[in-house]
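For reference, the structure is listed below as structure tokens.
The values are calculated or read from the model by the stated rules, or taken from the named source; none is laboratory data. Just so it is clear, the structure is predicted and the values come from calculations on it, not from any experiment. Neighbour counts run over all protein chains shown; Cβ positions are idealised from the backbone, glycine included. Note: areas computed on protein heavy atoms with side chains; ligands, DNA, RNA excluded. Shrake-Rupley method; radii C 1.70, N 1.55, O 1.52, S 1.80 Å.
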Amino acid sequence: MSVKYPAKHGESREPQCDPLACHIPSFVSLLCEQGYAPTSLHGKITIVRNFSRWIEKRKLKIDELDERSIRCFFKEHPRTGHIKRGDRSTLLSLLKWLRDIGMTKKPLPEVDDSQLHRIESDFVQYLVKERGLSKSALCNYLPVIRCFLNETFASDTIVLNEICASNIIQFVLRHARTKSCRCAQLMTSALRGFLRFLHLRGDIDSNLAASVPTVADFRLSELPKSLSTEEIERLLQNCDQSTAIGQRDYAVLLILTRLGLRAAEVVAMTLDDIDWENGVITINGKGSRRDRLPIPQDVGEALATYLRNWRPQCTTRRLFIRARAPHVGFSGSAAICNIVRRALVRSELDPIRKGAHLLRHSLAVKMLQEGARLAEIGEILRHSTPNTTEIYAKVNLSALSALAQPWPGGDV
């Protein structure tokens, strides 16, 4: 893609003698690869040139640039009130690129030698090596442990063998009131894991994990939310497959409805996970678990159409790509849930639950209605324990009716 640098009236189009002039063409090429349109490139080149002139004016060296330099530039910008959306992210991308090519020094990692940081680091090693937890699980565990230790020990000195059951109970009661049931359960799970770790390492004399209060779990108190077969087909038919976004969303919805994947599993899928010759796809599930599932015919056709005709050209190996530049993979599960929510709105469906898990439940209910056993459903959904699949027994009304006892005094 050929891009002309913007020039004001009366200004020469030749690159100016400024610090970043020789790097702008390469940076523009990178932006082109990421899918930015010419109009967007015009604005990005303009802010880079302004930044380059500011560097020259302040007599800074390229290898001295950092995030503080960018903040100072915008603070001293002659038109502070006219900073466009995306200008800061453009310069941050430029800074990252300059670091990647070795023109700017990479920031030295901050050394945290505090006792709290050492405890957290050891706990992370335990969770990763001994328990096999994923990065997402660590993001849930560490804030809880940090908060618990900070509240238990007001000073910087942490004496682990002074932790007692009352500290744990008071912490849980104090925070459980402000959290949802699911978040409270994650909090108690993190505490139990941390206390077991301390006991195994000899930091506390007894295993205090048993003193962590249990959060009431009423997961079997209601029926799983699901869509009927007709509603699922309506959901799929309302995707505009004549557009790139529509074809991508159609493929995502098909995978969710036919394979029952979790949102995070769809986000993590890469081009290398698809084995076209054998017709199987590798799923990166919870706890570093990897499973291979057969690709249904309609899913394979939708994926092939998306990859051949609609997927943006980019360097990332992620299977599903953002529609807007930069063309990279989704940042998290929320993007998949948003695809489901938009599809529900188009189809004029308004279920209580509107996330990606709704389609996972719908697949399980459909399989049960077609005669599948709970063990088979658990295998398709890749549940780690049979208890997780038990909730779907409640929607098998024909089987439950045989167990129902006659109402006393009613008709036989």
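As a ratio to 2.2 N^0.38 Å, the alpha-carbon radius of gyration for the range 56-195 is 1.52. In the chain, helical runs assigned H by DSSP with n ≥ 4 each contribute -39500 (n - 2.57); averaged across all residues and rounded to the nearest 500, the mean residue ellipticity at 222 nm is -15000 deg cm²/dmol. Surface composition of the range 259-298: carbon plus sulfur atoms contribute 48% of the solvent-accessible area (1.4 Å probe, protein chains only, all chains present). Magnitude of the charge dipole for the range 32-137, about its Cα centre and with charges confined to Cβ atoms of Lys, Arg (+1) and Asp, Glu (-1), is about 680 debye. Between the range 289-307 and the range 83-125, the C-alpha centres lie 37 angstrom from each other. For the peptides 125-133, 196-204, residues were scored by their other Cβ atoms within 10 Å and the scores averaged per peptide; the highest-first order is 196-204, 125-133.
Once the 1.4 Å probe is applied to the protein heavy atoms, the chain comes out at 59 Å² accessible per residue.
To the nearest 20 debye, what charge dipole does the chain have about its Cα centre, counting +1 at the Cβ of each Lys and Arg and -1 at the Cβ of each Asp and Glu?
It comes to approximately 1400 debye.
Against the chain, whose longest principal axis is taken from its Cα atoms, helix 135-152 shows a tilt of about 90°.
Structure note, pairs LYS105/LYS129; LYS225/LYS366; LYS135/LYS366; LYS84/LYS105; LYS44/LYS75: Cα-Cα distances above 23 angstrom occur for LYS105/LYS129; LYS135/LYS366; LYS84/LYS105.
Of LEU95, SER242, ASN150, which is farthest along the charge dipole of the chain in the positive direction, counting Lys and Arg as +1 and Asp and Glu as -1 at C-beta? Of the options given, the answer is LEU95. Which FRET efficiency, nearest 0.05, do LYS286 and THR229 yield, Cβ-Cβ r, R0 25 Å? E(calc), rounded to 0.05, equals 0.35.
Between the residues VAL215, ALA356, ILE163, the greatest Cα displacement towards the positive end of the dipole of the chain, with unit charges on the Cβ of Lys, Arg, Asp and Glu, is found for ALA356.
What order do you get for 247-253, 346-352 when each peptide is scored by the mean count of other beta carbon atoms within 10 Å, highest first?
247-253, 346-352
Against the chain, whose longest principal axis comes from its Cα atoms, helix 165-176 is set at around 70 degrees. A Cα-only calculation for the chain places Rg and Dmax at 27.5, 98 Å.
Backbone geometry of the range 259-271 corresponds, through the Karplus equation with coefficients 6.51, -1.76 and 1.60 at θ = phi - 60°, to 3J(HN,Hα) couplings of 10, x, 6, 7, 4, 5, 5, 5, 4, 7, 5, 10, 4 Hz, x marking Gly and Pro.
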